[in-house]
1. Quick one: how many Å² of Leu377 are accessible to a 1.4 Å probe, rounded to 10?
2. Enumerate the calculated ³J(HN,Hα) couplings along segment 149-154 in order (Karplus 6.51 cos²θ - 1.76 cosθ + 1.60, θ = phi - 60°), each rounded to whole Hz, writing x wherever the residue is Gly or Pro.
3. Obtain the nm distance between the two label points defined at Ala76 and Glu143 by a simple spin-label model: each point lies 7 Å from its Cα along the Cα-to-C-beta direction.
4. Antiparallel versus total DSSP beta bridges in the chain: what percent is that, nearest 5?
5. Can you give the calculated 222 nm mean residue ellipticity of the chain, where each DSSP H run of n ≥ 4 adds -39,500 (n - 2.57) and the sum is split over every residue, rounded to the nearest 500 deg cm²/dmol?
6. Can you give me the % of accessible surface on the chain that is carbon or sulfur? Probe 1.4 Å, all protein chains present, nothing else counted.
7. For segment 48-190, what are the per-bin percents of Cα-Cα distances with bins 10 Å wide, up to the bin holding the maximum?
8. Given the Cα-Cα distance of His273 and Ser313 and 0.36 nm per residue of separation, how much length would full extension add, in nm?
Amino acid sequence: METMSRGLSRRSFARILGTGLATAALAPTVGGAQEAQPGPRPVPAPVPAPGAMPVDDLVRLSANENPYGPSPAAFAAIQGAFGRACRYPDDELEALSEEIARSHGVNRNQVLLGAGSSEILKLAAAAFTAPGRAVVVAEPTFEAILRYATTAGAETVKVPLTADHRHDLTKMAAVRKAGLVYVCNPNNPTASITPKGEVRAFLKALPPTTAALVDEAYFHYAESPDYETVLPLIAEHPNLIVARTFSKIHGMAGLRCGYAVALKETVERLKAHQAYDSLNLMVLVAARASLGDAAHLEQSRLKNRDVRGRVCSALDGMGLRYIPSSANFLMIDLRREVKPVREALRAQKVDVGRVFPSMPNHLRVTVGTAEQMERFLAAFKQVMA
Ligand code: PLP
């Protein structure tokens, strides 16, 4: 897949090189009198070491990221891979796919990597929805799949969550002419789970011509005995696709890697819609290193649980209710409109989750570090007073 250099004559190559040299010669010197010349933007200084993100000016609790960052092993792997940045990532793509397959006890050809699990959702919509082949989702849920299915010309069917925030899977399975049913478990934005027995019954009830996409982005945070991953059920259900991501507990949202596990034939249908090499070398080596650092993941999980518990106690003290959380975020019932509260928090440099139109009185807040949550609680108490 070498794509460089064809059509670039020696003379134009020399011209490009000459321009680069000229720009370098004109570049301002430190403390010098020259005005800034057009040229490359300065590259930010490298971060010396991984670890908890500093509490900077804006407390970002809006995207359910892991505030403790990636594993130090992932960081080292990225640094070690720089020298190979001129190469296409095929070998590393293979190595990570194999590692993921091994960890889940499936064949290599049952794994498809994506640029974040967002890419997997997009491929699923492209492969399984169309005019007359609707996408069925819970309301509210992670909305991305709706946009992708709409682009594919599909109708969107929203089935409200039950009163206790489970997916109403009986209703979802009964939608006729569905191409794809999306089940987010744990669900974003409610942080709630749909119990394993109900998911199993749903997979049995779903017509084999309808694909089920179970999004397990927050799998690692779920501790309820009523919760399970559906990965082991793939062999029984040829229409099942499981999506996972390195953006949440692995702390690599900015690097972009996710994956799907499904039967080989399903993976091939998804892959037909994918660009070649949509993942970069750095994320592939980082993800593989992160898989090998179970201790880091466990630390992130425990810290999240601890800080989340403390925030819950503070909310209890304020007399506020929240949905029991199986994830790294909380959905708080404000008993009043979220929008102005969100804006007031933002004015205090605390950024919380977007407004979900079907739950206009619920505030979604990501569980940050203890320090970040102190900042959140201080601002939140003031705003709510
Ligand atoms: N699925 C769920 C449930 C999410 O909450 C998110 C992001 O917040 C994603 C998928 C997309 O994550 P990414 O594309 O970073 O893997």
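The values are calculated or read from the model by the stated rules, or taken from the named source; none is laboratory data. As the structure is a computational prediction, the values presented were derived from the model and not from experiment. For neighbour counting, all protein chains shown are included, and Cβ atoms are generated from backbone atoms with ideal geometry for every residue, glycine included. Heads up: the accessible areas ignore ligands, DNA and RNA and are worked out on the full protein's heavy atoms, side chains in. Shrake-Rupley method; radii C 1.70, N 1.55, O 1.52, S 1.80 Å.
1. 20
2. 5, 4, 4, 7, x, 8
3. 4.3
4. 45
5. Details: 12 runs with 145 residues, N = 385.
Helices in the chain give a 222 nm mean residue ellipticity of -11500 deg cm²/dmol.
6. Details: 10830 of 19290 Å².
Roughly 56 percent of what the probe reaches on the chain is carbon or sulfur.
7. 10, 25, 30, 25, 10, 1
8. Values: separation 40, 0.36 × 40 = 14.40 nm, distance 4.67 nm.
Gain in length upon complete extension: 9.7 nm.
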